[in-house]
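The values are calculated or read from the model by the stated rules, or taken from the named source; none is laboratory data. Note that the structure is predicted; figures quoted are calculated from it, not measured. Backbone-built Cβ (ideal geometry, glycine too); neighbour counts: all protein chains shown. Please note that ligands, DNA and RNA were not included when accessible areas were found on the heavy atoms of the full protein model with its side chains. Shrake-Rupley method; radii C 1.70, N 1.55, O 1.52, S 1.80 Å.
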Amino acid sequence: MTFRGFIAVDVPGGAVLEALAGDLRSASPSLKVVGTDQLHLTVKFLGDTEEGLLPQIVTAIRKATAGLRPFQIHVEGTGAFPSLGRMNVIWVGVEEAEPIARVADSLEASLERLGFPRERRPWKAHVTLARVKGRLNLDRVRGILEAHATEDFGAHTVDAVHLKKSVLTPQGAQYSVVETVRLGQRTTRPEESGHTST
């Protein structure tokens, strides 16, 4: 059995991000806005993932986060990929995410050995807020993003890295946690690792 997998850090929505998401929903029917209870920072997208590889993936996450204590990130600013002029993905930015960048780099090397291709683009800390599925009223959307381009959406303590599953539905992707690796806990010996969360 396979599932559509990715490794991520949760980012709580909060009232300010909820308000921004609501403004975007109202601005254009062409946007699929992510529910603020589903917001996350993707560390590594895996794609089709064999369930039999779960122990090895969790071991790779543990090794990549070994010695890393819980730390704070700041969610601030808005933008779009590839640009505001040609929007495919709408995001909010993440500052002070260097520890996550190091985890991502470590995972690229270890997961490549398990058959997951390296990401060609440089890793950029961001939280996807919406995907653009059409061209209606995008000028209104650009105006909203420009108005929030430097806004501070608050700080968040990162204390865990999750292996997640994405299920595509007509309403958009739904995410669920498959495994969790907590930061700052002792490293589990290989014979102790399994399918339980740590």
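Can you compute log10 of I(q)/I(0) for region 114-192 with the Debye formula, treating each Cα as one identical point scatterer, at q = 0.14, 0.18, 0.23 Å⁻¹? Here the Debye-derived log intensity ratios amount to -0.88, -1.26, -1.35. The mean sequence separation of alpha-carbon pairs under 8 Å and at least six residues apart, normalised by the residue count of region 11-149, gives a relative contact order of 35 percent. In the structure shown, the pairs K133/K165; K44/K165; K124/K165 are assessed against 18 Å; a Cα-Cα span above that value is assigned to K133/K165; K124/K165. Each residue, R182 and A66, gets one label point 7 Å from its Cα in the Cβ direction; the gap between the two is 2.0 nm. Scanning the chain for trypsin sites (Lys or Arg not before Pro) in DSSP loops with at most 16 neighbouring Cβ atoms within 10 Å leaves 1-85 as the longest stretch between them.
Across region 1-78, the fraction of Cα-Cα pairs farther apart than 20 Å, rounded to a whole number, is 50%. Please find the FRET efficiency linking E112 to M1, where r is the Cβ-Cβ separation and R0 is fixed at 25 Å, and quote it to the nearest 0.05. Approximately 0.65, to the nearest 0.05. Its DSSP H runs of at least 4 residues, each contributing -39,500 (n - 2.57), put the calculated 222 nm mean residue ellipticity of the chain at -8000 deg cm²/dmol, to the nearest 500.
So for the chain, what percent of the C-alpha to C-alpha distances run longer than 31 Å? Could the numbers behind the result be given before it?
Working: 3831 of 19503 pairs.
Tail fraction, whole percent: 20.
Computed from Cα positions, the angle between helix 14-27 and the longest principal axis of the chain comes to roughly 50 degrees.
Quantify how much of the Cα-Cα distance distribution of region 100-154 extends past 19 Å, in percent.
Of all Cα-Cα distances in region 100-154, 54 percent exceed 19 Å.
What is the percent carbon and sulfur in the accessible area of region 1-69, measuring with a 1.4 Å probe over the protein chains and ignoring ligands?
Numbers: 1580 of 3010 Å².
Exposed carbon and sulfur together represent 52 percent of the surface.
Once the Kirkwood radius over Cα pairs is known for region 67-160, the Stokes-Einstein relation at 37 °C and 0.692 mPa s delivers a diffusion coefficient of 217 µm²/s. Using the Cβ-Cβ distance between E50 and T150 with R0 = 41 Å, the FRET efficiency computed as 1/(1 + (r/R0)^6) comes to roughly 0.45. Shown is the FRET efficiency for R131 and T157, computed with R0 = 41 Å from the Cβ-Cβ distance and rounded to the nearest 0.05: 0.90.
Calculate, in nm to one decimal, what A19 and D139 gain on full extension: separation in residues at 0.36 nm each, minus their alpha carbon distance.
Details: separation 120, 0.36 × 120 = 43.20 nm, distance 1.88 nm.
Length difference between fully extended and current span is 41.3 nm.
Modelled this way, with points 7 Å down the Cα-to-C-beta line, the labels at F81 and K32 are 1.5 nm from one another.
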